Amino acid sequence: MLDSPLHICVALLAAWMVIGMAGLIRPRSLEFAGRALFVLGAVVGLLLALVAAASITSPAESLLLPIGLPDLPMHLRRDALTSVFLFLLGAASVGISLFAAGYFRSGEGTLPGVLCLQFHLFLAAMGFVLLADDAYAFMVAWESMALASYFLVTTQHRIAEIRRAGFLYLLIAHVGALAILLAFGILQGGSWQFSFAAMRTAHLAPDWAFAAFLLALFGFGAKAGLVPLHVWLPEAHPAAPSPVSALMSGVMLKTAIYGMLRVSFDLIGDPIWWWGLIPLGLGLFTALYGVIFAATQSDMKRLLAYSSIENIGILFTGIGLAMVFHGVGMTELAALALIAVLYHAINHAFMKSLLFLGTGAVLHATGERNLGHLGGLIHRMPWVAWLTLVGVLAIAGLPPLNGFVSEWLLLQAFLMAHEVPKPFVNMLLPLGAALLVLAAALAGYVMVKFFGIVFLGQPREATLHDAHDASRLERAGLLWLALGCVILGLLPAQIVPILAGVIADLGVGSATTVSQAWWQLAPLPSRDVSYAPLLFLLAVLTAIGVTILVGRLVFRHRTRRADPWDCGFERLTPRMQDSAEGFGQPIRHLFQPFFAMDRELPSPFDRTPRYRVVVFDRFWRWLYLPIARWVHSAAAAVSVLQQGRISAYLLYSFVTLVVLLASVL
Amino acid sequence: MSHWLGWLNQVFEVLIALAAAPIFLGWVNQCRAWLQNRSAPSLWQPYRGIHKLLHKEVVLAHNASSLFRIAPYIVFGTMAAAAAMIPSLSTRLPFTSAADAIALVGLFAAARMFLSLAAMDVGSAFGTLGARREMMIGFLAEPALLMVIFVASLMTASTALPLISERLSGETLAIHPSLLFTAVAFGMVMLAENARIPVDNPATHLELTMIHEAMLLEYSARHLALMEWAAALKLFNYACIGMALFVPWGMATNYQALSLALAMLSLAVKLIIVGAALAVVETLSAKLRVFRAPEFLATAFLLAVLGLLVHLLQVAR
């Protein structure tokens with residue numbers, strides 16, 4: 001039975017479901033349902049990651065599961081692309097599950113057993129989304145994923161705000177799912193065969209293919225958080241418990257990227273080059289928009305949610321760039337851009353999960369999510385602080401960590417964009433690289449703000465002095481993800497050729513990326529450029545090591561502790577440190593057109609001066625509120641029909657029946 | 001054989017950079033003093049300052065964390081490592097394969113990030129203020145700097161600095177309009193990134209205007225010495241990047257002692273000219289308000305973009 005990787009993967013996903021069900025045996029026991037089962041889930045995740053990694057190079061295989069509608073069994077298929085994302089799911093879930101095993105406490109809304117069920121169903125559903133090979137199986141898995149995560153988001157369902165956030169998430173998820181369903185409806189091309197194999201062979205008129213592409217972009221964009229469909233992210237992430245935020249941001253958003261790749265490069269087949277400009281433009285705008293909003297947030301989980309939007313923007317930029325290259329026949333560069341996308345997806349799974357779990361540990365230790373009430377936690381929570389620092393440096397795109405590798409690959413692809421044989425476009429594309437760099441540099445700003453305000457400085461509240469470090473299981477989870485960031489950063493020369501094979505399997509280019517040596521990454525044979533993170537790290541560490549040695553051995557002068565310099569004021573308090581709002585002020589000033597701001601400035605004569613600034617997303621006023629108003633008025637118009645009398649309703653049925661009969665006869 | 005010579009060359013170049021950086025800073029300060037009709041400090045003044053600081057006792061704030069203590073070493077180490085990647089004397093560096101210009105920009109960003117985090121560590125109002133301004137300048141300068149590098153790399157089909165400068169020096173001696181634009185852009189970025197007038201004033205300790213100095217307020221003794229030395233090294237590194245891009249002539253392309261000696265001579269001459277030019281610019285301009293700095297850097301960015309477009313048009317023609 002378990003003789004092929006696909007069978008093993010399905011068995012492991014089933015194991016997750018069984019673990020979830022097992023939580024219902026003793027739903028109130030935290031030790032059993034909240035600890036032991038989660039550790040077991042982490043083991044399953046590890047196995048899944050190993051199997052998926054080992055199966056990336058093995059040929060594609062399919063399986064027919066006799067479940068589902070009578071004449072519509074579930075088609076499952078595992079190919080290289082699926083394996084990569086299964087690896088991402090498994091590897092990230094190891095760290096998240098371990099952390100979750102130490103995280104959940106009783107009395108936090110949902111019972112531990114139910115939470116265990118939802119959590120593991122969520123994991124399994126994501127796995128089935130990746131394995132699905134027909135529209136029916138895909139939509140079932142997709143919806144289970146949305147529902148499971150909805151219940152996880154509303155874990156603390158007694159709080160009205162959280163219920164609202166959950167509702168918004170569910171709404172946008174379903175609007176998106178509808179678009180995906182329609183996209184599949186077009187893709188079957190009149191054959192009424194909904195398996196992906198049939199869609200691959202179906203021949204679509206370019207206009208219909210374009211419509212399918214747009215619908216897929218809308219649907220998957222809604223799940224991923226592409227502007228302007230991003231509004232649910234900053235609401236849902238703070239509402240969810242931290243391991244759930246980590247899972248949603250780190251893994252679930254990637255299933256949308258997977259879907260986008262699957263539809264545009266596999267199912268549609270031959271996208272026309274200029275289609276790529278749409279995700280490219282939207283992606284760049286999303287990246288910039290996300291990071292600018294991240295810089296102005298004062299809630300640490302909202303900040304990370306906006307940072308996720310930025311990274312989704314980067315991923316869509318890569319997809320768009322790859323489509324442009326692919327469409328004009330520059331397959332080598334298309335492959336490079338897609339490698340960057342896959343690499344960044346894996347990277348982001350690790351680093352964003354790490355950061356969200358870090359905020360979870362802070363949240364549990366202090367009960368605070370607002371940056372304005374935190375500070376100085378590096379002294380109380382050294383483990384969390386230093387491991388989070390790894391994630392912070394990685395997501396800021398600093399070498400030699402992993403975030404840098406994928407951004408470097410994408411920039412290298414952008415550098416060749418001027419060779420696209422289309423006038424104007426070839427001049428505009430290099431500017432995209434500049435926007436990308438701006439977004440990456442702003443991410444550095446955001447991360448300094450995040451880490452500096454949470455972990456450095458002086459505690460802004462007295463209660464922070466009793467903050468405790470993360471528990472052992474939580475540390476293990478953080479450590480796993482941080483190690484992933486480091487390894488992905490140091491060994492790109494091993495990973496990129498594998499990803500190149502995956503891209504070739506998808507039908508874009510061949511395994512072009514030749515690494516000349518095991519320690520060195522060279523993206524394109526035609527360009528003399530390479531990056532060797534190990535050598536790089538060696539150089540930096542040597543330089544730092546020699547400096548420390550010389551500094552400590554030669555100049556061994558006494559160290560004295562004293563009060564910080566207070567400019568002679570003598571009454572410095574922790575509240576005089578820069579606040580989150582203060583740190584975001586340059587951004588609010590520079591990017592004013594992006595924001596709608598509600599500001600309350602104190603007058604100089606005020607006895608109790610009060611300063612308040614609330615930054616709004618303009619899309620609420622431009623897009624969402626008008627739609628909501630329209631829906632309301634439409635509902636009001638329709639409600640005329642609602643009389644509340646049985647006789648009226650019977651009359652409606654009768655009239656309907658007559659009309660139907662009349663039209664049929 | 002050549003392998004070992006290469007590494008020897010590499011170490012030699014770093015040592016030269018470490019030694020020359022404070023002198024270069026001293027030269028700029030000297031020129032500034034002359035231009036402002038002051039009596040000039042000695043060329044060795046930065047060395048004296050570093051020497052003095054290294055022999056003092058360290059005063060740490062009570063709540064300074066280990067991040068605060070290790071940051072000077074990291075900042076200095078990254079700057080020294082950056083010096084190894086920039087071709088200042090020779091283009092035949094074994095390190096070419098380790099890091100290209102983009103990684104170099106990343107390395108500078110890493111140094112900036114640690115500097116800013118360390119500044120926030122003690123939790124005084126000034127540290128955070130400096131950190132936030134430094135990061136603001138940083139995220140504005142980084143795209144402009146990368147645009148400059150992009151133009152050069154488009155002309156040479158490589159992002160590795162030694163290759164870029166080797167190929168550019170092989171070109172016929174003609175004024176490339178694209179390089180002219182980017183040179184101006186690079187100069188502006190260099191001023192901003194190194195906390196020089198008009199963006200920041202290295203001599204000021206006036207609370208409201210300082211950026212770089214604000215971040216160093218809590219540092220003392222050997223930590224401060226390392227930070228100051230790292231700042232000098234950063235200026236030196238930027239000067240070397242600029243020279244490698246825009247005046248790439250005179251660098252050694254083999255491991256012979258004679259060509260290395262010639263390269264040192266040409267480096268010295270170029271540094272003297274660059275330092276003097278820097279002093280002239282700093283003397284002639286006034287410091288901008290902090291919120292004018294983005295305009296300054298946006299100008300730099302647009303100039304680099306202009307360079308890019310000019311290059312693409314030239315190629316298309």
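Where a number appears in this text, it was derived from the coordinates with a stated rule and is not lab data. These numbers come from a predicted model, not from an experiment. Because the Cβ atoms are built from the backbone with ideal geometry, glycine has one as well, and the counts that use them run over all protein chains shown.
Taking the Cα-to-Cβ direction at A:L171 and at A:R556 and moving 7 Å from each Cα, how far apart do the two end points lie in nm?
That separation, rounded to one decimal, is 6.8 nm.
Using the number of other C-beta atoms within 10 angstrom as an exposure proxy, rank B:I211, A:I314 with the fewest first.
Taking fewest neighbouring Cβ atoms as first place, the list is B:I211, A:I314.
Applying the Karplus parametrisation 6.51 cos²θ - 1.76 cosθ + 1.60 with θ = phi - 60° to the phi angles of the range A:609-614, what ³J(HN,Hα) value in whole Hz is obtained for each residue in order, glycine and proline being reported as x?
3J(HN,Hα) across the range A:609-614, in whole Hz: x, 9, 10, 9, 9, 10.
Taking the number of other C-beta atoms within 10 Å as the exposure measure, put A:K449, A:K254, B:K270 in order starting with the fewest.
By the 10 Å Cβ count, ascending, the order reads B:K270, A:K254, A:K449.
Sort A:C9, A:C567, A:C116, A:C485 so the one with the fewest other Cβ atoms within 10 Å of its own Cβ comes first.
With the sparsest Cβ surroundings first, the list reads A:C567, A:C485, A:C9, A:C116.
Remind me, what semi-axes does chain B give for its equivalent ellipsoid, largest first in whole Å, using sqrt of 5 times each Cα gyration tensor eigenvalue?
31, 23, 19
Do the sum for chain A: with -39,500 (n - 2.57) for every DSSP H run of n ≥ 4, divided by all residues, what is the mean residue ellipticity at 222 nm, to the nearest 500 deg cm²/dmol?
-21500 deg cm²/dmol
Are there GluC sites (Glu not before Pro) in the range A:567-665 that DSSP puts in a loop and that have at most 11 other Cβ atoms within 10 Å, and which ones?
Taking the range A:567-665 and a limit of 11 other Cβ atoms within 10 Å, the loop GluC sites (Glu not before Pro) found are A:E570.
For the range A:538-603, state which chymotrypsin sites (Phe, Trp or Tyr not before Pro) are in a DSSP loop and have at most 12 other beta carbons lying within 10 Å of their beta carbon.
Answer by residue number: A:F569.
Give me Rg over Rh for chain A, both radii from the alpha carbons and Rh done the Kirkwood way, two decimal places. Could you put the intermediate results ahead of the total?
Details: Rg = 26.1 Å, Rh = 26.3 Å.
Ratio value, two decimals: 0.99.
Summarise the long-distance tail of P(r) for the range A:1-203 by giving the % of C-alpha pairs beyond 23 Å.
49
For the range A:585-665, list log₁₀ I(q)/I(0) at each q in 0.15, 0.20, 0.26 Å⁻¹, using the Debye formula over Cα point scatterers of equal strength and ignoring solvent, two decimals each.
Result of the Debye calculation: -0.80, -1.00, -1.15.
With a cap of 11 neighbouring Cβ atoms within 10 Å, and only residues DSSP puts in a loop, list the trypsin sites (Lys or Arg not before Pro) found in the range B:1-107.
B:R38
Find me the longest stretch of chain B that has none of the exposed GluC sites (Glu not before Pro), where exposed means in a DSSP loop (not H, G, I, E or B) with at most 15 other Cβ atoms within 10 Å. Don't skip to the answer; put the middle values down first.
Values: sites that count: B:E57, B:E171, B:E207.
After excluding every exposed loop site, the longest remaining stretch is B:58-170.
Long-range amide H contacts for B:A61: which residues qualify at under 5 Å (H placed 1.01 Å from N, peptide plane, sequence gap of 5 or more or a different chain)?
A:A562
Hey, got the average number of other protein chain Cβ atoms within 10 angstrom for residues in B:213-226?
Partner Cβ neighbours, averaged per residue: 2.
Cross-link list B:K52/B:K287; A:K352/A:K449; B:K234/B:K270; A:K449/B:K287: which exceed 20 angstrom alpha carbon to alpha carbon? Please report the intermediate quantities before stating the final value.
Working: B:K52/B:K287 30 Å; A:K352/A:K449 16 Å; B:K234/B:K270 17 Å; A:K449/B:K287 26 Å.
Pairs exceeding the cut-off: B:K52/B:K287; A:K449/B:K287.
Just to be sure I understand the model, the point goes 7 Å from the Cα along the line to the Cβ. What's the resulting A:R629 to A:A53 distance in nm?
Between A:R629 and A:A53, the simple spin-label model gives 5.4 nm.
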